[in-house]
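Colleague: Below is a structure I'd like to ask you about.
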Amino acid sequence: MESKSSDRRKFLKNGAAFVGAAAAAAAAAATVVPASAQTTTPTPMPEMETPDLEALIAYGQRSPFVKSMRTSVMERMSPDEFGMTFHVQSPLQDSVGMITPSSLHYVSTHRGSYVPNIDPAEHRLVIHGMVDRPLIFTVDELKRLPFVTRAHFLECLGNRAKSTHKTVQQTHGLTSCSEWTGVLLSLLLKEAGVQSGAAFIVAEGAETVKGATSIPIAKAMDDCMVAYGQNGEALRPQQGYPIRLLVPGFEGMHNVKYLRRIKVVEKDYMTYNDYGHLVPDAQVAALTRVIGPKSVITFPSGDQKLPGPGFYEITGLAWSGSAAVRNVEISTDGGQNWKVAELRTPAHPMAHVRFALPWNWDGKECVILSRCTDELGTRQPTRAEAAAYWKQPENSEFRVPGADNSVFPWRIASDGSVHNGMA
Amino acid sequence: MGAFTMEWRKLLLVIAVLSLTQLAKAQTPTYGVGRTPTAEEIRKVDISIGPDGKELPPGHGTAAEGAKLFREKQCVVCHGSTGSNGPAPTLIKSDGTKKSKYPCLVPCVNDSNVMALHAQYATTMWDYINRAMPLNKEGTLKPDEVYSLVAFLLFKNGVIPEDQVLDNQSLPKVKMPNHDHGALAPEWKHGVPIVAGYP
């Protein structure tokens with residue numbers, strides 16, 4: 001080992017000597033170049049900082065020219081006065097494909113911006129309550145069990161476009177999609193043996209406030225996952241490292257991070273998180289729990305500018321909390337005519353799908369919209385359709401009940417600038 | 001005839017034993033990974049208090065004790081001396097002169113979410129204060145202190161009389177003002193639209 005590393009040092013030294021000699025030769029050559037040639041400015045070499053070789057080898061970074069960043073939600077300070085509430089949005093305007101980079105995944109958390117620093121060796125998952133065999137797992141034990149890898153979106157219930165928003169990051173940035181890897185919760189619950197009469201689970205995290213929420217047992221036994229992997233690597237701490245619950249299609253709050261406990265119970269436990277979403281109308285409650293079919297155009301979108309008339313592709317993301325997206329339609333005339341867009345990525349259940357429509361812009365002002373339909377046949381409503389359903393007047397005061405999944409307009413001005421069509 | 005019946009009985013017995021074995025098999029864990037936690041391991045983490053209050057620990061408290069704790073435990077620093085004049089969410093309904101900057105849920109009281117008036121069950125308050133308060137000292141309150149703080153907030157919001165003692169028997173019986181006004185989402189079923197006919 002010793003001799004090897006000294007060999008390496010020697011090699012580096014020799015290499016440096018070689019580079020030095022070459023530079024000296026070049027300098028010597030330069031002295032004999034005719035004076036006339038010296039007037040042409042040589043192309044300057046880009047300034048290179050001495051690279052941190054270990055860092056270059058160990059973990060790749062994006063180009064310094066790529067500036068895509070998460071931003072705080074306009075309406076609420078992140079973090080808040082207590083340094084605890086955090087609502088940061090994903091830069092959907094820069095997104096390509098269907099997967100959100102883990103580092104750009106939205107974060108919406110109460111009293112959780114001080115991310116717990118959990119040692120996975122110390123972390124445990126307890127399953128108890130109405131089960132035949134309570135179980136306790138280490139993270140390594142969970143990883144021994146048969147895994148699944150699935151794409152699923154997450155979305156915060158507060159992901160609601162307002163007329164004051166400028167960019168798609170502001171109107172829709174509280175949703176993201178990852179490829180998650182983990183163990184199906186149904187497998188763990190079968191190992192524990194769910195007793196008859198069980199109707200809900202309470203899932204709880206290990207962070208300081210031990211955030212908890214109630215989830216129907218039918219969903220828990222269907223497609224929920226205890227995930228430890230995200231986009232090919234371990235979960236990020238802001239996404240629940242070392243393990244989190246995924247409740248595909250349910251509003252973000254149910255997807256408990258830092259999962260430490262599952263209690264099988266006979267009724268909705270009405271935790272703080274559950275009560276906070278309490279509404280008087282069961283239909284609104286249903287639309288509050290599960291995200292309806294939803295889509296948004298990410299290009300062209302607010303604050304972007306088309307340089308002039310000509311060819312573009314209108315592209316965006318579509319998702320549904322109940323199924324895969326079946327199709328997406330795009331209108332370039334304010335909703336009078338709709339064309340079917342192409343789905344450019346596989347359409348997985350409860351996952352973002354990337355859609356696109358080739359388009360020639362004629363340079364005239366127009367309003368562009370997208371709407372999607374999921375595999376259950378449910379179509380994303382326009383604000384007018386939602387208002388009609390709830391028998392309310394459609395005006396700027398109208399607030400779509402539950403999770404707002406209404407069709408969103410971008411207005412393209414004749415100078416190519418793109419604006420929020422609600423404004 | 002008798003022998004025939006005996007044979008049938010034997011057959012039925014065999015079938016019964018076989019199906020019981022099958023049933024037992026279905027309930028046997030497939031992988032055997034993980035272990036059985038001790039009762040103490042479960043007790044340490046099981047802080048969930050359901051609406052019927054069956055997990056509530058022994059102990060008791062009153063509004064008077066809660067008023068003292070509201071100051072001593074520094075609740076006032078974030079929630080304000082009146083429970084509605086601090087930067088943190090409103091705990092006690094205000095006179096309406098101060099509007100909360102937080103988005104308000106239904107029913108909204110003076111533009112604020114007041115937990116004591118919004119939650120359907122007093123157990124929700126006990127559960128949350130116990131697990132998540134006070135700031136930076138979460139999980140340190142003793143059962144008597146949690147009962148007292150819940151009693152204080154319920155009294156100040158006009159839900160219970162000042163002298164009512166709250167314990168694991170009386171607390172789940174408190175009728176919250178919003179008890180009958182919250183709706184649960186309909187039963188969730190795989191592959192069924194959330195709300196039929198919407199939009």
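Colleague: Considering only the range A:189-197, I want to know if a residue exists there that is within 11 Å of another protein chain (Cβ to nearest Cβ) and touching a His at 6+ places or on another chain (Cβ under 9 Å).
Modeller: The answer is yes; a qualifying residue exists.
Colleague: Still on this structure: Kindly check whether there is at least one residue in the range A:363-382 that is without any contact (Cβ under 8 Å) to a residue 12 or more places away in the chain and assigned by TED's automatic domain parsing to the domain that holds A:THR298.
Modeller: No, the range A:363-382 contains no residue that is without any contact (Cβ under 8 Å) to a residue 12 or more places away in the chain and assigned by TED's automatic domain parsing to the domain that holds A:THR298.
Colleague: Can you find, within the range A:266-306, the residue that is nearest to the other protein chains (Cβ to nearest Cβ) among those that are assigned to a strand (DSSP E or B) and crowded, with 22+ Cβ neighbours inside 10 Å?
Modeller: My answer is A:VAL290.
Colleague: Could I ask something else about it? State which residue is farthest from B:VAL159 (Cα to Cα) when the search covers only the range B:48-81 and only residues that are in contact with a strand residue (DSSP E or B) (Cβ under 8 Å, 6 or more places away or on another chain) and within 9 Å of another protein chain (Cβ to nearest Cβ).
Modeller: Out of the qualifying residues, it is B:SER48.
Colleague: Here's a follow-up. Which pairs do you get when a residue that is within 11 Å of B:GLY59 (Cα to Cα) and in contact (Cβ under 8 Å) with a residue 12 or more places away in the chain, found in the range B:154-172, comes within reach of a residue that is part of a loop (DSSP other than H, G, I, E, B) and among the β-branched types (Val, Ile, Thr), reach meaning Cβ atoms under 6 angstrom, with the pair 6+ apart or on two chains?
Modeller: Here the result reads B:VAL165/B:THR62, each pair linking the range B:154-172 to a residue that is part of a loop (DSSP other than H, G, I, E, B) and among the β-branched types (Val, Ile, Thr).
Colleague: How many of the residues in the range B:112-151 are part of a loop (DSSP other than H, G, I, E, B), more than 11 Å from chain A (Cβ to nearest Cβ) and among the aliphatic types (A, V, I, L, M)?
Modeller: Count: 2.
Colleague: Would you confirm whether or not the range A:255-263 contains a residue that is crowded, with 23+ Cβ neighbours inside 10 Å, without any contact (Cβ under 8 Å) to a residue 60 or more places away in the chain, within 14 Å of chain B (Cβ to nearest Cβ) and within 25 Å of B:LYS137 (Cα to Cα)?
Modeller: So far as the range A:255-263 goes, yes, one or more of its residues are crowded, with 23+ Cβ neighbours inside 10 Å, without any contact (Cβ under 8 Å) to a residue 60 or more places away in the chain, within 14 Å of chain B (Cβ to nearest Cβ) and within 25 Å of B:LYS137 (Cα to Cα).
Colleague: Still on this structure: Considering each of A:ALA356, A:ALA341, A:ALA386 in turn, give the residue that is touching a strand residue (DSSP E or B) at 6+ places or on another chain (Cβ under 8 Å) and buried (at least 24 other Cβ atoms within 10 Å of the Cβ).
Modeller: Being touching a strand residue (DSSP E or B) at 6+ places or on another chain (Cβ under 8 Å) and buried (at least 24 other Cβ atoms within 10 Å of the Cβ) holds for just one of A:ALA356, A:ALA341, A:ALA386, which is A:ALA341.
Colleague: Moving on. Yes or no: the range A:389-399 includes at least one residue that is farther than 21 Å from A:ALA282 by Cα, without any contact (Cβ under 8 Å) to a residue 12 or more places away in the chain and among the polar types (S, T, N, Q).
Modeller: Yes, the range A:389-399 contains a residue that is farther than 21 Å from A:ALA282 by Cα, without any contact (Cβ under 8 Å) to a residue 12 or more places away in the chain and among the polar types (S, T, N, Q).
Colleague: Of A:THR149, A:THR171, A:THR167, A:THR138, which residue is in contact with a Lys or Arg (Cβ under 8 Å, 6 or more places away or on another chain), more than 11 Å from chain B (Cβ to nearest Cβ) and at negative phi?
Modeller: A:THR171
Colleague: May I ask you to verify whether B:ALA26 is closer than 30 Å to A:VAL139 by Cβ and modelled with pLDDT under 95?
Modeller: Yes; evaluated as a whole, the condition is true for this residue.
Colleague: Right, another one. If you go through the range A:120-172, how many residues are surrounded by fewer than 21 Cβ atoms within 10 Å (Cβ to Cβ) and part of a helix (DSSP H, G or I)?
Modeller: Total satisfying the criteria: 5.
Colleague: Can you tell me which condition A:LEU188 does not meet? The list is (1) closer than 18 Å to A:ASN273 by Cβ; (2) outside any strand (DSSP E or B), and all the others hold.
Modeller: Condition not satisfied by A:LEU188: (1).
Colleague: Which one of A:ASP274, A:ASP333, A:ASP303 is more than 19 Å from the chain's Cα centre (by Cα) and assigned by TED's automatic domain parsing to the domain that holds A:GLY252?
Modeller: Only one candidate qualifies: A:ASP274.
Colleague: Okay, moving on. Only one of these conditions is not met by A:MET98: (1) aliphatic (A, V, I, L, M); (2) in a loop (DSSP other than H, G, I, E, B); (3) without any contact (Cβ under 8 Å) to a residue 24 or more places away in the chain. Which number is it?
Modeller: Going through (1) aliphatic (A, V, I, L, M); (2) in a loop (DSSP other than H, G, I, E, B); (3) without any contact (Cβ under 8 Å) to a residue 24 or more places away in the chain one by one, A:MET98 breaks only (3).
Colleague: If you don't mind, there's one more thing I want to ask. Tell me, which residue of the range A:359-383 that is surrounded by 22 or more Cβ atoms within 10 Å (Cβ to Cβ) and among the hydroxyl-bearing types (Ser, Thr, Tyr) is nearest to the other protein chains (Cβ to nearest Cβ)?
Modeller: A:THR378
Colleague: Which residue is surrounded by the fewest Cβ atoms within 10 Å (Cβ to Cβ), if the candidates are limited to the range A:209-242 and must be among the small types (Gly, Ala, Ser), in contact (Cβ under 8 Å) with a residue 24 or more places away in the chain and in a strand (DSSP E or B)?
Modeller: Within the range A:209-242, the match that is surrounded by the fewest Cβ atoms within 10 Å (Cβ to Cβ) is A:GLY229.
Colleague: Follow-up question, since we're still on this one. Could you count how many residues in the range B:176-189 are farther than 15 Å from A:LEU287 by Cα and at the interface with chain A (Cβ under 7 Å from one of its Cβ atoms)?
Modeller: 1
The values are calculated or read from the model by the stated rules, or taken from the named source; none is laboratory data. Since we're looking at a predicted model, the values are computed, not measured. No Cβ is skipped: glycine too gets one built from the backbone with ideal geometry, and neighbour counts run over all protein chains shown.
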